[in-house]
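Q: Take a look at this one; I'll ask things after.
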Amino acid sequence: MEKNGVFPNGIPQKFDCLVTGVGILSAAFSLGKVFQKQEHKNAIQIGIAGAYTSSELQIGDIVEVRSDCLVEFLPWEPNTFFASGMLPNQNNLKIARPVKGATVLNCSSTKEIEATRGDIAQIETMEGAAFFAACKEYNVEGVQIRAISNYATKYEKKEWKTEEALEKLREFILPILG
């Protein structure tokens, strides 16, 4: 997502903007480089997400991801970095409807995949777990805010409501940033 998608009039003062690109690796590398160069106390990840049908979320809903996992890599082994498989959000902001996220390599493509993932989480993204992992590694207070752009049942990008979701996200985040 380009920064102009949410900030068409520029980035609010006193804030940095990093467009990581799509996907786990892109987000992890981008965040690692930035966090290593300059200390940050807080970070907000904003973007779009797909909702699992079991979540009862609607297109345009704004959510705060309270925990995330790399769903294709479950189950986890004890005593590893992500022993539980879930990366918890360490903040207590509670500024939007709380949900569990599943970070995926590929969008859900069948009802069967969506049903399995929907048992674990309410939404799917492609960067959320990388964001929480980078925040944890660099002791950065992180919050992940998403707008629902599609239902995660099959990959039909032409059916996504990206512009509508970005508009809802813009309306929600700009007053918070001041």
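The values are calculated or read from the model by the stated rules, or taken from the named source; none is laboratory data. Keep in mind that this is a model prediction, so the values were computed, not measured. In this analysis, Cβ positions are derived from the backbone assuming ideal geometry, glycine residues included, and neighbour counts consider all displayed protein chains.
Q: For the list (1) of a type in the set (Gly, Ala, Ser); (2) within 19 Å of LEU57 (Cα to Cα); (3) in contact with a helix residue (DSSP H, G or I) (Cβ under 6 Å, 6 or more places away or on another chain), I need the number of the one condition that ALA134 fails.
A: (2)
Q: Can you tell me which residues in region 99-153 are of a type in the set (S, T, N, Q), in a loop (DSSP other than H, G, I, E, B) and modelled with pLDDT under 85?
A: Matches in region 99-153: ASN106, SER108, SER109, THR110, THR153.
Q: Restricting to region 149-172, give me the number of residues that are without any contact (Cβ under 8 Å) to a residue 12 or more places away in the chain and under 13 Å from TYR52 (Cα atoms).
A: Adding up the residues that qualify gives 0.
Q: Same structure, new question: How many residues does region 42-58 contain that are closer than 14 Å to SER149 by Cβ and of a type outside the set (A, V, I, L, M)?
A: The qualifying residues number 5.
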